[in-house]
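Data block below; observations after.
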Amino acid sequence: MFTRGRVIVFALALALLAALGIGYGMHAAHRTDRALHQGSGAPPAADELDLTGAHGRLLFRDTEPGPGFGFLATVDRGDSTGPRTVGKTPCERVYAAAGTVVCLTTEYGAIPSHHVRILDATLRETRRIDLGAGAPNRARISADGRMASWTVFTSGDSYAANSFATRTSILDVRTGALTATLEDFALRKDGKVYLPVDRNFWGVTFTSDDNAFYATMSPVSTGRTYLVKGDLAQRSMTVVRENVECPSLSPDGTRIAFKKRISSDPVRPWRLYVLDLAGGKETELAETHSVDDQAAWLDDSTLAYALPAPGGTSSDLWTVPADGTGTPELLLHGGFSPAPLP
């Protein structure tokens, strides 16, 4: 039977173990961070990036080992192997459109903190939202820059004790109206109300009217994923199709690029596809690697996405035709989270 003294000793031992674990984790994170910043990659420029009038460039997270690792950078899309311009803004995930930037950040410490930052074209912060313990995962901006969305991995959902859980939010940048979670929306499948308690949403992509959107929905217990179409004004969603993850709507609004689960192999579970919304035809793309990303449309015929770089400490950006032809091509070494600046 535990005495009061034994309980105190046990509690102190647990506290010591926790402190040691945190200390080791911080040391390891600092060591990794220091190593990634000691490469030969481009350093941050003296001035912050200015996206005003930056047409024809690509915004991305710099992942070249060096002093600019983790910061936003741009490069000429017509010469993506040429010099990049690295700024002073760190982001884990980024997207931009029409002078609005959504930047998901992590500040490391004993307990990491995560935020979403809304920035203007000069990368000046216009709004910051605390994400709590939610680790950054996906981010998108509507084509006119009005609507922003982000997805984070979360903890604390009892139904997800042995799996992951996500939380997806939508912000109207113009009015400030925040939809904290899509889990509050009404959901229908096959004409019936469908509200599994363990439903997760991630990977929003907006249509041109700033009201309709697409996203992924998955009940944790089933392991299935669905493409849903949402209506912000009605706070409702409808299941459109099964086995669709991380949708990305084409600029012309006719197709959705997505990752499709093709295997139970944890190393190569997904393949990039494009869905024609009018006819329902799926086209398998030429990229044979498993892509765990929400692909970005560079234009109506080309997709960009990240793949791990050799060595596992960085990532590269690749492109592939959206019609299933051609072959994948390297866009640039040391990049992640691409966002074209038209």
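The values are calculated or read from the model by the stated rules, or taken from the named source; none is laboratory data. Keep in mind that this is a model prediction, so the values were computed, not measured. Neighbour counts are summed over all protein chains in view; Cβ atoms, including those assigned to glycine, are modelled from backbone coordinates with ideal geometry.
When restricted to residues that are more than 19 Å from the chain's Cα centre (by Cα), touching a residue at least 60 places away in the same chain (Cβ under 8 Å) and either surrounded by 18 or more Cβ atoms within 10 Å (Cβ to Cβ) or closer than 22 Å to Ala143 by Cβ (or both), segment 81-98 contains 1.
Checked against (1) modelled with pLDDT of 95 or more; (2) part of a strand (DSSP E or B), Thr106 passes all but condition (1).
Looking only at residues in segment 265-290 that are small (Gly, Ala, Ser) and surrounded by fewer than 18 Cβ atoms within 10 Å (Cβ to Cβ), the one that is nearest to Pro328 (Cα to Cα) is Ala286.
Please verify whether Leu303 is in a strand (DSSP E or B) and more than 16 Å from Arg268 (Cα to Cα), treating the condition exactly as stated. Considered against the rule, which asks whether it is in a strand (DSSP E or B) and more than 16 Å from Arg268 (Cα to Cα), Leu303 comes out as yes.
One residue alone among Leu187, Leu275 is in a strand (DSSP E or B), closer than 24 Å to Ala306 by Cα and more than 20 Å from the chain's Cα centre (by Cα), and that residue is Leu275. If you check Gly156, Gly223, Gly134 for being surrounded by 13 or more Cβ atoms within 10 Å (Cβ to Cβ) and either modelled with pLDDT under 95 or aliphatic (A, V, I, L, M) (or both), only one passes: Gly134. What are the residues in segment 209-221 that are among the polar types (S, T, N, Q) and touching a strand residue (DSSP E or B) at 6+ places or on another chain (Cβ under 9 Å), if any? Within segment 209-221, Asn211, Thr216, Ser218 meet the criteria. Mind listing whichever residues of segment 99-119 are surrounded by fewer than 16 Cβ atoms within 10 Å (Cβ to Cβ) and not hydroxyl-bearing (Ser, Thr, Tyr)? Once the filter is applied, which keeps residues that are surrounded by fewer than 16 Cβ atoms within 10 Å (Cβ to Cβ) and not hydroxyl-bearing (Ser, Thr, Tyr), segment 99-119 yields Glu107, Gly109, Ala110, Ile111, Pro112. Criterion first (free of Cβ contacts under 8 Å to residues at least 40 places away in the same chain, under 18 Å from the mean Cα position of the chain (by Cα) and under 26 Å from Ala97 (Cα atoms)) does Phe153 satisfy it? Answer is yes for this residue.
For the condition basic (Lys, Arg) and under 17 Å from Val152 (Cβ atoms), Arg188 does not qualify.
Of the residues in segment 290-313, at least one is of a type outside the set (A, V, I, L, M, F, W, C), farther than 21 Å from Ala96 by Cα and in contact with a Lys or Arg (Cβ under 9 Å, 6 or more places away or on another chain). Of the set (1) over 25 Å from Asp300 (Cβ atoms); (2) surrounded by fewer than 18 Cβ atoms within 10 Å (Cβ to Cβ), all apply to Asp252 but (1). Every condition in (1) part of a loop (DSSP other than H, G, I, E, B); (2) over 19 Å from the mean Cα position of the chain (by Cα) holds for Asp292 except the one numbered (2).
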